[in-house]
Amino acid sequence: TVLSGWGRYPTVRSRVSRPEKRAALQSVLEGDGQPVIARGAGRSYGDASLLNSEGTTLLTDRLNRMLAFDSDTGVLRAEAGVRLREVLEVFVPRGWFLPVTPGTKEVTLGGAVAFAIHGKNHHRDGGISNFVREIELLTAGGETVTCGPGQNEKLFWATVSGAGLTGIITEVALGLRPIETAYV
């Protein structure tokens with residue numbers, strides 16, 4: 001498969017894996033011993049998540065289930081392949097909004113964390129990591145680790161803006177912001 005970033009350059013030919021369930025991730029990692037990197041929506045400007053033909057690119061677009069929402073705290077737990085657009089479609093009508101919105105809503109939750117996205121409110125609220133309660137990470141060694149502020153903190157901060165190099169983000173718990181209306 002030929003892949004590129006959002007800017008459409010460079011392009012690389014890569015083997016891809018597109019699992020539908022998180023349980024299948026382990027077999028992708030064990031595969032043939034070659035490098036594996038996760039790819040969300042492919043909205044990075046450059047060559048993020050592009051491997052040469054020696055590796056496997058793990059497409060996360062089917063790992064896109066919203067798992068739980070706590071209406072008291074506003075915390076959404078979802079698989080990493082959920083796009084910001086999907087969060088907005090489901091939660092704006094319910095009175096909740098993303099705390100950070102980049103220039104595109106086609107970014108995945110995993111990609112948002114892996115690249116520490118920010119929005120026009122960065123000067124006031126900071127980046128997405130300020131609202132991430134925890135993430136589930138599948139390490140290259142096959143271990144599933146839950147980390148966040150206060151739990152496996154070093155791994156969490158290495159993963160935020162780590163461009164996928166600490167492992168595969170499989171799940172994100174993100175605090176949403178209450179809104180009174182969908183109109184500005």
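The values are calculated or read from the model by the stated rules, or taken from the named source; none is laboratory data. Since this is a predicted model, take the numbers as computed values, not measurements. Please note: Cβ atoms are built from the backbone with ideal geometry, for glycine as well, and neighbour counts cover all protein chains shown. Side chains are part of the model used for accessible areas, which takes the heavy atoms of the whole protein and leaves out ligands, DNA and RNA. Shrake-Rupley method; radii C 1.70, N 1.55, O 1.52, S 1.80 Å.
A few remarks follow.
- Residues in segment 1-45 that are more than 20 Å from residue 138 (Cβ to Cβ), in a strand (DSSP E or B) and either in contact (Cβ under 8 Å) with a residue 24 or more places away in the chain or not hydrophobic (A, V, I, L, M, F, W, C) (or both): 3, 4, 11, 12, 13.
- When the residues of segment 20-46 are filtered to those that are within 25 Å of residue 117 (Cα to Cα), out of contact with any Ser or Thr (no Cβ under 8 Å at 6 or more places or on another chain) and open to solvent by less than 50 Å² (accessible area, probe 1.4 Å), the one that is modelled with the highest pLDDT is 44.
- Residues being open to solvent by less than 40 Å² (accessible area, probe 1.4 Å) and polar (S, T, N, Q) - total across segment 1-19: 3
- Taking the listed residues 119, 103, 175, the one that is touching a Leu at 6+ places or on another chain (Cβ under 9 Å) and within 19 Å of residue 41 (Cα to Cα) is 119, with no other qualifying.
Listed here are the residues, each with its yes/no results for (1) aliphatic (A, V, I, L, M); (2) surrounded by fewer than 20 Cβ atoms within 10 Å (Cβ to Cβ).
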| residue | (1), (2) |
| --- | --- |
| 102 | no, no |
| 125 | no, yes |
| 142 | no, yes |
| 160 | yes, no |
| 165 | yes, yes |
| 169 | yes, no |
| 184 | yes, yes |
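- Only one of the listed residues (152, 121) is open to solvent by 40 Å² or more (accessible area, probe 1.4 Å) and either on the phi < 0 side of the Ramachandran plot or of a type outside the set (Ser, Thr, Tyr) (or both). That residue is 152.
- Enumeration of residues in segment 62-95 that are of a type in the set (Lys, Arg) and in contact with a strand residue (DSSP E or B) (Cβ under 8 Å, 6 or more places away or on another chain): 65, 77, 83
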